[in-house]
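Worksheet: one structure, shown below.
Each value in this text was obtained by applying a stated rule to the coordinates, not by laboratory testing. Nothing here was measured: the structure is a model prediction, and the numbers come from that model. Note that each Cβ is placed from the backbone with ideal geometry, even for glycine, and that neighbours are counted across all protein chains shown.
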Amino acid sequence: MDVIDKINFLLKERRLSKRDFAQRLIALQPKLKRTGEIPTESTIYGYLSGARELKIELIPYVAEVLNVKEQELFEFDVEYASDHNIERSKEVREIIALLRYVPSAKIKEFKARLEEYKSLFDKNY
């Protein structure tokens, strides 16, 4: 999986069309280093389809349009932990973000419970 897969996943999760994404990105007026120009809508479609390589200088703008941190565009494990179920994946990321507020003892309990669920799952499949 690569960054474009993650971007397309986030577009689906947010129910944002590629056209809306492209227009929002263009509205931020990112300039490409090589040309000094703002990428066109068709160029952005090329990035999203994988036909063109996404330019690194666009990452901050892409993150802003998707309302995520730049680093999130490079994290891939959680999205696919739930068989591409977009709503479930979003919930899993929200839970992970909240875990830092849970006391250590509760984390241990939570982990033990999750391991029980995994064991039951493994027995059934």
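Extension gain for Q23-R113 works out to 27.9 nm (0.36 nm per residue, less the C-alpha to C-alpha distance).
For the stretch 1-76, the number of Lys pairs with C-alpha atoms closer than 19 Å, counting only pairs eight or more positions apart or on separate chains, is 8. Legend: P(r) of the chain from all alpha carbon pair distances, 10 Å bins from 0, whole percents, reading 11, 36, 26, 15, 10, 2.
Were the residues from E37 through N8 laid out at 0.36 nm apart, the gain over their Cα-Cα distance would be 8.1 nm. Estimated at 0.36 nm per residue, the fully extended path between N124 and A105 surpasses their Cα-Cα distance by 3.9 nm.
Taking 22 Å as the straight-line reach from the Cα of K118, the lysines in range (excluding those fewer than 8 positions away in the same chain) are K90, K106, K108.
Counting charges near L25 (Lys, Arg +1; Asp, Glu -1) among other residues having Cβ under 15 Å from its Cβ returns a value of +1.
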